[in-house]
Amino acid sequence: MQTSLWMLLSAIGLGVVGRYLLGDTIDHSTPPGAGLSVFVLLNLCAVSAALLVLRHERVKALIFFAPAALASIGLLLNDSAWLTGLDIFAFWTSATLGIFAATCSAPALASVKGTLYAITTGALAPLPAAIDLIAENIANKALVGEAHRKHIKAVTKGLLLSTPLLFIFTALFCAADQAFANQVGKLFHFNLGKAVEITVTTSILALCCGGALQAVSKSEINICGEEKSNTCSDKPEQDCQSQAEAESKPKVDSKPEAAPARFHLGMTEAMTALALLNLLFGAFVAIQIKYLFGGASLVNITSGLTYSEYARHGFFELCWAASMVLPILLAAEAYTRRLSRKSEITFRVLACTLVALLLVVVASAVQRMQLYSLEYGLSELRFFTTAFMAYLTTICIAFAATVLNSRREKFIPATYTLGLLAIAILHQINPENLIQSKNMTMAPEKIDIAYALSMSDDSIPALVHALPKLPAAARKQAASNLLARTRGAWKTDWRSFNLSRTLAYHTVQDHIKELEVMAQTP
């Protein structure tokens, strides 16, 4: 059996298994869990096996499939929608980079532009590869031998001849016996819409699996813009001699091709822009320093705002400002023409100064959020925005250590690695459980019980342990909500298994009697 047919059958099998594993999520809209993780791991194993068997020279691509597998396992750990989104993003990014690395010889993390190209190429590659896999199997007449084709033709004729007779005798037997008629009715009673949905979803999953398998295993698929080999090993001997003679002759009137024009920024323009940005950031930092260390009294006297108003005002604006600086510095480093050592040193000083000022701006934004959280509590948006600022700080330091230290090629791998590490740390922290725990330490009248109940199952253990300190009305509302979940929300099969959901269910079960008393309290 040919390799392409094996891959097609494997893709169909993975599609069928995938529809079953994702069935609880598709049919009942349950959150993804063990089913999605197992489906992703099965596909990664299939792709890895195809690489090891068919493309062993590209096994380095497995370095990207390993983080993708870890990200899929993260779906089993936490119930937070934010973390689920980050896990899916990490898996998708790593998988696309792995497909690119398996199909193209160019480095996947060479530069910002190269990385974006690698992700786009890796994401699009399975589509033409799936079409190629289907077309290759349809066009391949050697899949079935001549003798087998005769048998298949004979069996097909027999089926066509017997079908009318089967219908006639089935109708007669149904009319003769009601029990037989009932069994036939059960056999042929099905939901047409459901059958179409299952067929479509299974086909889509099979196409995705087959496209990935074909993309990583077929070196002939030219998705990278790479020129195909034109060596003499693929040509007749006479053609090789003619090619060698042609290459040995001197070229007449050959002119060197002009290199494509590339945009450059003069040093004066870059220095002016960076200097003005440094002045603006420096002025803002000079004003913020006294607020960072002056306390509430200085804020009230200087700005006319209360401490909570000062904390709430401007946090997200500072986040936007901070996130824009790094792309500006990357573009300036890439396109600024520095023709002397003096200009290089000047550029690095200005860039490092801006990075240092940016870190102060980030510290100001984080300090505002901490003050605001003390007054109004934490939320998912506030927590994850603060986490992004912490990640931005690390990649700014990586920028200074790599790009500004003549090691630009190490910046993107460092950013990718730091991103994966940040997601792993967030899983360890369990953000929603932390948010719930922090909010429950506030004064009882400030606790927003509606928001507490709107969070995912990650936060349930902290909520259950904090119930006794809540006001009576909030305690009754929370207890009733948790008891209602035990009667429906947690009734799922193993395909939707999630560690946090399981821990939340057992926490409620362990306190079921106390919750029943709280729910019945007037």
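Throughout, read-outs are computed from the coordinates displayed, never taken from laboratory work. Since the structure is predicted, the reported quantities are computational estimates derived from the model, not experimental observations. With ideal geometry, Cβ positions are generated from the backbone for all residues, glycine too; neighbour counts draw on all protein chains shown.
Tell me, Asp493, Asp132, Asp87 in order of fewest to most beta-carbon neighbours within 10 Å?
Asp493, Asp132, Asp87
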Ranking of Leu76, Leu161 by count of other Cβ atoms within 10 Å, fewest first: Leu161, Leu76
Going through the cross-link list Lys113/Lys218; Lys150/Lys218; Lys60/Lys410; Lys438/Lys469; Lys446/Lys469, which pairs have a Cα-Cα distance over 22 Å in this structure? Lys113/Lys218; Lys150/Lys218
To make sure I understand, if each residue's beta carbon is the centre and we count other beta carbons within 10 Å, what order do Glu333, Glu317 fall in, fewest to most? Glu317, Glu333
